[in-house]
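See structure below.
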Amino acid sequence: MIPFTAAQPRPTAQVSPCPACGHQLAVAFLEPFRQPLATIAWPKSEEQARAMQQLPHTFVRCTDCGHVYNRDFCYENVPYSEKPNLMFNQGQIWTNHLIQTADLLTGYLPKGGTAIEIGCGEGHLLRHMAAKRQDARFIGFDPSGAFATDGRFQGRPELFLPELHLEHLQPDLLICRHVIEHLVNPLGFLQAIQFYASRFNLRTRIYLETPCVDRAIENGRVVDFYYEHYSHFTTQSFTKMIQRTSHEIDLLTHNYNREVISGIVRVGNQQAWLEIDHQATDFRQQAQISEDLLAIQLEQWIAQGKRIAVWGGTGKAAVFINRYRLDAKRFPLVVDSDPAKVDTFVPGQGQRIRFRDHLLQHPVDIIIIPMAWRAQDVLLEMETVGIECPQVMVEHQGLLVDFLRDQHPYATVDMSSKAAPSGPHYNPQRGTYWSAPTANPGQKTSPALS
């Protein structure tokens, strides 16, 4: 490599997420240039060739894993569904590599097992494997539909979708050869396979194979870097990508004189991911139920003729007002203690935001404080200026609950570590800031925050 000299200014680092490891910082790898597609266009005439679109090649390199990728790549510029990404598979050395790979992979297939090749091209590898294992099922996915199955495997002219095909086809082995370098987000694709294999309780292996650019970088070989290959894997970037997919790595090796790198990883064991999935599902379902329950609660108050005010008109309060459809006709009164927000309007619903002191002359039956975690501050402010209200409500577990009378996590205090605050309405025996009468005087109140 030509050494760097001080006379050559170094370009600045740039924020550009790495498709292999997710690291956010990259540095310029090649001076930007434009060229047409190199491997998939196949123009039929000189005129077509000269008229081809000149596409941006802005190759950068991840400062963490050393991955090289085209920052300005656009997947839509590559017509994979119209033309196959053809490889020359007839060379003797390459053919031997295919045969060795077929021997290796068939050994991972159980009797009667299923192997899927993602981006199978013309199907060379699957035909080799099917010839060795007639007891197994072989399926090839390629959007070009250019495969020649010879009846040995099932060809599917479509993209492989982990969320759909893993569950339906239950593969024992996934093969992904010379595909990940074309994907916009190869790490995301592999992690999606890991996630759905875990969800569907599949213990599946993935065989990955891709060009390795270690030698190209070592020898200053520029011709390896072209548009169709968005990603150019180094040994380090390939390793980091599969480590971020699975901790069970069966194989990691170089092939074809270190010009190719391959690996086998096991997926289907990410229970931690599934736990987060379960938590997210529970939260989403609870939010949907809450939307209905809270709407019923609000309607009941309106039917009872309750005067209602919402404290806060922006931020979380605006989210609350919009999510639960507190329209300006039914819920016209919105107050805020920030003078800068007064006489502006609630985003989405349009209530004019009034200053909090409006409640001194226009008392209400219920004050709703959407930002429950700040409710104690609001109560202290109400005490300070003399605003009184029979009920102050916060959202908890899908309902609006009384801040002082109901159980919730927003009004607890460690009285041993902090002195109890004082104020005209603070009652240290009851542990509350509020002196309004309760509907049930014997009901236990929530202790107050300090």
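The values are calculated or read from the model by the stated rules, or taken from the named source; none is laboratory data. These numbers come from a predicted model, not from an experiment. When we count neighbours, we look across all protein chains shown, and the Cβ atoms used for this are built from the backbone with ideal geometry, even at glycine.
General observations
- No other residue among Asp277, Asp343, Asp338 is acidic (Asp, Glu) and either touching a helix residue (DSSP H, G or I) at 6+ places or on another chain (Cβ under 7 Å) or under 27 Å from Thr204 (Cβ atoms) (or both) apart from Asp277.
- Index of the failed condition, Gly66 passing every other in (1) assigned by TED's automatic domain parsing to the domain that holds Gln170; (2) in a loop (DSSP other than H, G, I, E, B); (3) surrounded by 19 or more Cβ atoms within 10 Å (Cβ to Cβ): (1)
- Screening Gln170 with (1) in contact (Cβ under 8 Å) with a residue 60 or more places away in the chain; (2) polar (S, T, N, Q); (3) surrounded by fewer than 17 Cβ atoms within 10 Å (Cβ to Cβ) gives one miss only, at (1).
- Which listed residue, of Ile249, Ile242, Ile264, is without any contact (Cβ under 8 Å) to a residue 24 or more places away in the chain, at negative phi and not assigned by TED's automatic domain parsing to the domain that holds Asp64: Ile249
- Residues in the range 12-35 include none that are modelled with pLDDT under 95 and among the basic types (Lys, Arg).
- Residues being part of a helix (DSSP H, G or I), touching a strand residue (DSSP E or B) at 6+ places or on another chain (Cβ under 8 Å) and within 24 Å of Gln270 (Cα to Cα) - total across the range 178-197: 6
- Ala372 meets the conditions (1) of a type in the set (A, V, I, L, M); (2) free of Cβ contacts under 8 Å to residues at least 60 places away in the same chain; (3) within 25 Å of Gly305 (Cβ to Cβ) in every case but one. The failed one is (3).
- Count - residues of the range 127-164 that are out of contact with any Ser or Thr (no Cβ under 7 Å at 6 or more places or on another chain), basic (Lys, Arg) and not in a loop (DSSP other than H, G, I, E, B): 2
- Pro332 closer than 18 Å to Arg405 by Cα, of a type outside the set (A, V, I, L, M), crowded, with 16+ Cβ neighbours inside 10 Å and out of contact with any Phe, Trp or Tyr (no Cβ under 9 Å at 6 or more places or on another chain): no
Okay, residues lined up against (1) touching a His at 6+ places or on another chain (Cβ under 7 Å); (2) under 30 Å from Arg374 (Cα atoms); (3) hydroxyl-bearing (Ser, Thr, Tyr):
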position	(1), (2), (3)
Glu248	no, no, no
Ile261	yes, no, no
Arg266	no, no, no
Asp277	no, yes, no
Ser290	no, yes, yes
Ile296	no, yes, no
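- Tally of residues being in a helix (DSSP H, G or I) and among the small types (Gly, Ala, Ser) across the range 342-387: 2
- Restricting attention to the range 32-77 and to residues that are free of Cβ contacts under 8 Å to residues at least 40 places away in the same chain and of a type in the set (S, T, N, Q), the residue that is farthest from Cys18 (Cα to Cα) turns out to be Ser45.
- A residue that is in a loop (DSSP other than H, G, I, E, B), farther than 22 Å from Ile261 by Cα, among the polar types (S, T, N, Q) and at pLDDT 95 or above occurs somewhere in the range 170-177.
- Residue check for Glu167: of a type in the set (D, E, K, R), within 32 Å of the chain's Cα centre (by Cα), assigned to a helix (DSSP H, G or I) and more than 29 Å from Leu55 (Cβ to Cβ): yes
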